[in-house]
Amino acid sequence: MSTFLTLLKREYWENRGGFLWAPIIVISLFTVFTLIGMIAGKVHLGNLPVEMRSLPLDQMIAKLSPEQLQKAMIGWRHALAGFGLIVQMVLGVVLFFYLLSSLHDDRKDRSILFWKSMPVSDFSTLLSKYVSAALVAPLFAWVGVIVLQLIMLVMFSIFFLSNGVQKYTLLWTEADLIGMWIRMFVGIPLNALWALPAYGWLMMVSSWSRSRPFLWAVFAPIGVGLVLTWIDVLSNLQIPQSWYWINMFGRAILGVVPWMFGDGANAIGFNFSSDRGPYDLYSWEAMGSLLGSAHLWIGVVAGLAMLGVAFYFRRYREIAD
């Protein structure tokens, strides 16, 4: 166990720029731009520019009926969840490039020869990289989401209070912060299962490609999809090209972005609508629907198979060109 923890620490220190600093930078930039918008922002009513600070927010909110106020608070929950999605999407980008280089870079610079001389098995090395992507990095992102949401709550509270809105406390009491954070935390291992095909594909390509793993990981599936689409258009064959783009290409490439599973994993994407927003992504119903989906478990089997292939190449292909 101590050896495995050491491997996890190694992954963190070698990739702390993506795991730690990427969320910090994104949170900082978003906070700065939001603050600028609050101070100098304008909205346009038709052709008439209106200063945000000049709006009589206290009077506008006081005139809201209880039903309208409740709808406004639901919208606020969606906004908070949307702030969190910004960090989650950055996490997806970080994980994509981390996994793509995880088993390739040390073969490229030949440092793999040093690590193979150490009393560490290839299985432990591969597992540490998977756990880092599936659990460690998402935990950093989870903390980042909490920090960003708290910053936004404080900023909007000050903004409303400075405009004479006494009901600013509703921003806190109706936010469902604790419930959202708990569901997001529980969703980390669930997202790890959902993303297993993407993790497996990227790590498999990283382990066997001798050069340019990005081209193999992205453009090879695109090429297959274009061929299937071309055959479907120019022939009478009923090629399931739409299924391929969603379940093969989508799961293998976009699956690294957390919370992108559709209704019961039957689609990929956030699937927002007039009655479904970011807050609904973190619902127990959505997670339960995913667990009961055959698409999830078929993907788990496929992901494990690709991780098995990655382990094979990790063991027998030591040098990249």
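The values are calculated or read from the model by the stated rules, or taken from the named source; none is laboratory data. Computed from a prediction, not measured in an experiment: that's the story for all the values here. FYI the Cβ positions are ideal-geometry reconstructions off the backbone, even for glycines, and counts take in every protein chain you see.
One residue alone among Leu237, Leu215, Leu193, Leu228 is in contact (Cβ under 8 Å) with a residue 40 or more places away in the chain and over 21 Å from Gly82 (Cα atoms), and that residue is Leu193. Of all residues in segment 27-40, at least one satisfies being free of Cβ contacts under 8 Å to residues at least 12 places away in the same chain and of a type in the set (S, T, N, Q).
If you scan segment 284-310, which residues turn out to be of a type in the set (Phe, Trp, Tyr) and free of Cβ contacts under 8 Å to residues at least 60 places away in the same chain? Trp297, the sole residue that qualifies. Considering segment 275-299, the residues that are under 23 Å from Gly179 (Cα atoms) and not in a helix (DSSP H, G or I) include one that is modelled with the lowest pLDDT, namely Asp275.
Taking Gly255, is it modelled with pLDDT under 90, assigned to a helix (DSSP H, G or I), closer than 15 Å to Met306 by Cα and not aliphatic (A, V, I, L, M)? Here the answer is yes, as Gly255 does meet what is asked. State yes or no: is Leu20 modelled with pLDDT of 60 or more and either part of a helix (DSSP H, G or I) or under 30 Å from Leu99 (Cα atoms) (or both)? Here the answer is yes, as Leu20 does meet what is asked.
When segment 100-127 is filtered for residues that are modelled with pLDDT of 75 or more, more than 14 Å from Phe313 (Cα to Cα) and outside any helix (DSSP H, G or I), only Val120 remains. Checked against (1) surrounded by fewer than 18 Cβ atoms within 10 Å (Cβ to Cβ); (2) at pLDDT below 95, Trp208 passes all but a single condition, namely (1). When the residues of segment 119-171 are filtered to those that are of a type outside the set (D, E, K, R) and in contact with an Asp or Glu (Cβ under 8 Å, 6 or more places away or on another chain), the one that is nearest to Arg183 (Cα to Cα) is Val136.
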